[in-house]
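Laboratory data are not the source of any read-out in this text; all were calculated from the coordinates shown. Note that the structure is a prediction, hence the values are computed from the model and not measured. Please note: Cβ atoms are built from the backbone with ideal geometry, for glycine as well, and neighbour counts cover all protein chains shown.
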Amino acid sequence: MKKSELKQELDETKKEVKTLRREINKLRGRWKYFDKAAKIVAFVAWTYIAWQIAQYGVGYAMIFALGYSRYSEPFWLTITYLLTYSLTILLIVYVPKFIHKIFKTNKKELGLTEMPTFTDIGIALLGYVATFILAAIVISILGGMGIINASEQQEIGFHNLVNGSDRALAYVAIAVIAPIAEEVIFRGWLYGKLRKELKMAPAIIIVSVFFGFLHGQLSAGISVGILSVIMCLEREITGTIHAGIITHMIQNSLAFAILIAQGRL
């Protein structure tokens, strides 16, 4: 074989190798996209599954053990809140890590690396003000268009609180237990997982839409969705979920006070 022919074959082989490498890189890119999408679906799906297991599992167990009339008493409802959120956190944060390594987490991912600071408090207050204004504007616009019922009240489970101890128990469940647990679950574990796979904006949108959806009512879902956006931004600013917990507590505390003042509890 002549040198010119050999050189020509060598050049053609190099071209084929380059083409093959390009195709391999395309396949790698597609696999990375599929792998990322699969992780996102897995994180959201497992959060939903764990949430439902805890809600229905604890709820039905308490009704079976106590009967519905005792179950609906403020003391037992508060215990139900505590057990439900505790089981949800256990299922979401601790159990899946034994199934697959992608579910393993740490304090940084949960947003629990530092103690709360005065900066967290300041950001939380600003966050609540921003939430109040944005939610009021959006709810007013959508209500005026007839898309939602702007006066719809979120169902919280507590009714006919006849004395101070009943109200105190309900307050602990609504304004202390729920904010802490939900921030660990949604702006902690879920947002931390999604943020490793996505940029800030899509991660915030997924968490907030999902959080609103779980509240089951359109008006309430939009309000808490906006709240979630603000609390995700607070985590981005501070690196922890402490500001979000405080904002969430303020939101629920004021909502609770309004319900008491209106005689709805």
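Summary of computed values
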read-out: Electrostatic dipole magnitude of segment 152-265 [Cβ: Lys, Arg +1; Asp, Glu -1; Cα centre; debye, to 20]; value: 260 debye
read-out: Gaussian network model of the chain, Cα within-10 Å springs - most flexible of Thr78, Thr247, Thr113; value: Thr113
read-out: 5 angstrom amide H check on Asn149, placed H, neighbours 5+ away; value: Ser219
read-out: At least 24 Å along the helix axis (C-alpha) and Kyte average at least 0.5, DSSP helices within the chain; value: 118-144, 218-238, 242-261
read-out: Per-residue HN-Hα couplings for segment 188-194 [Karplus 6.51, -1.76, 1.60; θ = phi - 60°; Hz; x = Gly/Pro]; value: x, 5, 5, 5, x, 5, 5
read-out: Among Phe186, Ala201, Met249 - extreme Cα towards positive end, dipole of the chain, charges at beta-carbon; value: Ala201
read-out: Extended-chain gain in nm, criterion 0.36 nm per residue less alpha-carbon gap, Arg167 and Ser86; value: 27.0 nm
read-out: Quotient of Cα Rg and 2.2 N^0.38 Å for segment 184-229, N being how many residues it contains; value: 1.09
read-out: Residue among Ile53, Ile174, Ile99 with the largest mean-square fluctuation in a Gaussian network model of the chain, springs linking Cα atoms under 10 Å; value: Ile99
read-out: Cα Rg, Dmax (largest Cα-Cα span) when computed across segment 41-134, Å; value: 17.6, 46
read-out: Value of Rg to Rh for segment 44-261 (Rh from inverse mean 1/r over Cα pairs, i.e. Kirkwood); value: 0.96
read-out: Fraction of the pair-distance distribution of segment 181-265 above 17 Å, Cα-Cα pairs, percent; value: 47 percent
read-out: Restricting segment 181-265 to trypsin sites (Lys or Arg not before Pro) in coil, as DSSP defines it, with at most 11 other Cβ within 10 Å; value: Lys199
read-out: Calculated FRET value between Ala261 and Asn106, using beta carbons and R₀ = 51 Å, to 0.05; value: 0.75
read-out: Debye-sum result for segment 111-161 in log10 I(q)/I(0), which assumes one identical scatterer on each alpha carbon, at q = 0.18, 0.24, 0.26, 0.32 Å⁻¹; value: -0.80, -0.88, -0.93, -1.12
read-out: Within the chain: Cβ-based charge dipole about Cα centre, in debye rounded to nearest 20 (Lys, Arg +1; Asp, Glu -1); value: 1580 debye
read-out: Residue-averaged [θ]222 nm for the chain, counting only DSSP H segments that reach four residues, each worth -39500 (n - 2.57); value: -24500 deg cm²/dmol
